[in-house]
Structure formats: structure tokens, C-alpha cells
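Novice: Sharing a structure here in C-alpha cells format.
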Amino acid sequence: MQLDLTSFVLELINFAVLVWILHRFLYKPVLAAIDRRRATVERSLAEAKAARDQAGALKTQVEARLASWERERGEAKTALAAELAAQREKGLADAARAAEQERARLAALQAKRDLERQRTNEAQALEQAAAFASRLLERLSGPELDSRLVELLVADLAALPEDRLAALTEAARAAAGSVSVQSAHPLSEAARARLERALSQQLGVECRTRYTIDESLLGGVCVALGPWLLQADLRDALRFFAEGAGRAD
């Protein structure tokens, strides 16, 4: 087989043209496409890296925020527990104070009731004692007791202070010596004379005495001299005794 130089040259030319055509119309576009693809991949990788870095930063922020929330929640929980404890203590203190006030109020009310009961009992006892004394004195009253009370009245008249005696003297002079004497029973002549003599001596005025009977006196005498009243009777003594309960209140 003989090698044809012309054919060989033409084949080389054809191959060169083919290579040029391939390089011009196929290899460069492929390289350009590869370059664009590589740029796209690199840009995607860069964007992915940026997104990853941003996601890492966001994760760090979220974790920091979660940690802050956990801390704030713990602090809020602690503060709430402290506030609830304070409120509970305050509620217990208020309840204890209210209970103490209620106990004090009930104790005061009970003490008042006891005092009222005691006063009632005392008043009843005084009334019973006065009634008993009244019945006893009614049985003991008589002219002898009246005479004895006249003596007591005379003694009291002699012991009067000077200002009181001066007032009685002025009242006797204004009444021209008129004196009214009430007694539970008729006084004896001796008792009348004793009373009249004492009045005249102490007052310095001649007394004109008018006698009346008042059975409500129980015993004793009551001397009226103008606006003044001298008493030595059992009725008023028993009234004072019976009214002692009212003054004790």
C-alpha cells in the first residue's frame, strides 16, 4: 500500500479544520458553560456558607435569648414565690390579728355581761335587803324608836357647821319661827319638848312647832323649816340603801 502524500496532507488539513471547528464552536462553549456552572456552584456555595454562618449566628442569638428567657423565668418564679410567701404571711398575720380582736371583743362582751349580771345580782340583793330591813323596822318601829331618832336629830343639829346653822337661823326668822314636824307615830311630850328646846337654842328663835303624822316614814321625824329639811327617819335611810344599786351603775 502506497502512502499518498497529497491525501495525507489533506487529511491533516481536515483534522486541523476539525480541531479548529471543535475548539471554536464546541470546546469554548463547553468551557464557558463549565465556567458559568462553576461560578454558579461557587456562588451557591458562598451563599450556602453565608446562610450557614447567618444560621449559626441566629442560633447563637436564639440560644442566648432562650437562656435569657430561662433566667428571667427563674427570676420571675422566685419573685412570685417570694410575693406569694409575703402575701401568705400577711394573710396569716391579718387573720391572727382579726382573731385576736374578735377574742378581745368577745372577752369584753363577756366581761360586760358578767358585770351587768353582777350589778343585777347586787341590785336584787340590795332590794331584798332593803325589803327585809323595811319589814323588820316596821315591826320594830314605835314611839320609843321615834324618841331615839329625835335624840339623834338633836345631836346632829348641834353638830351642824356654822354656815349651815346660819342659813337655818335665817330661814327660821323669815318664817317667824314656824316649824313643821312630821313623825311616823305621835311623839311623846318629853320628845316634843326636847326637840322644841333644841331648835330654839340652836337657832336663837322661839319656834312654833306644828306636828303631823306620816306613816310612810316607818320611824323617825322630819323637820321642815322654810326651804330646809332636817330628817332622821327610817324611810329615807332605806331609800338611800335601796338606791345604792343605781349609784353603783
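Novice: Examine region 35-45 for a residue that is modelled with pLDDT under 80, open to solvent by less than 70 Å² (accessible area, probe 1.4 Å) and assigned to a helix (DSSP H, G or I), and state whether such a residue exists.
Specialist: No - not one qualifying residue is present in region 35-45.
Novice: Being open to solvent by less than 60 Å² (accessible area, probe 1.4 Å) and within 29 Å of the chain's Cα centre (by Cα) is the requirement here; does Ala57 meet it?
Specialist: no
Novice: Tell me, yes or no, whether region 145-156 has at least one residue that is farther than 20 Å from Ser200 by Cβ, buried (at least 16 other Cβ atoms within 10 Å of the Cβ) and modelled with pLDDT under 60.
Specialist: Checked region 145-156: no residue is farther than 20 Å from Ser200 by Cβ, buried (at least 16 other Cβ atoms within 10 Å of the Cβ) and modelled with pLDDT under 60.
Novice: Ala50 is checked against (1) surrounded by 10 or more Cβ atoms within 10 Å (Cβ to Cβ); (2) modelled with pLDDT under 85 and fails just one. What number does that condition carry?
Specialist: Among (1) surrounded by 10 or more Cβ atoms within 10 Å (Cβ to Cβ); (2) modelled with pLDDT under 85, the lone unmet condition for Ala50 is (2).
Novice: Tell me the residue from Arg173, Arg164 that is modelled with pLDDT under 85, charged (D, E, K, R) and under 56 Å from the mean Cα position of the chain (by Cα), please.
Specialist: Result of the check over Arg173, Arg164: Arg164.
The values are calculated or read from the model by the stated rules, or taken from the named source; none is laboratory data. Every value quoted in this text rests on a predicted model; they were computed, and no experiment measured them. Cβ coordinates were reconstructed from backbone atoms using ideal geometry, including for glycine residues, and neighbour counts include every protein chain displayed. Accessible surface areas use protein heavy atoms only, side chains included; no ligands, DNA or RNA. Shrake-Rupley method; radii C 1.70, N 1.55, O 1.52, S 1.80 Å.
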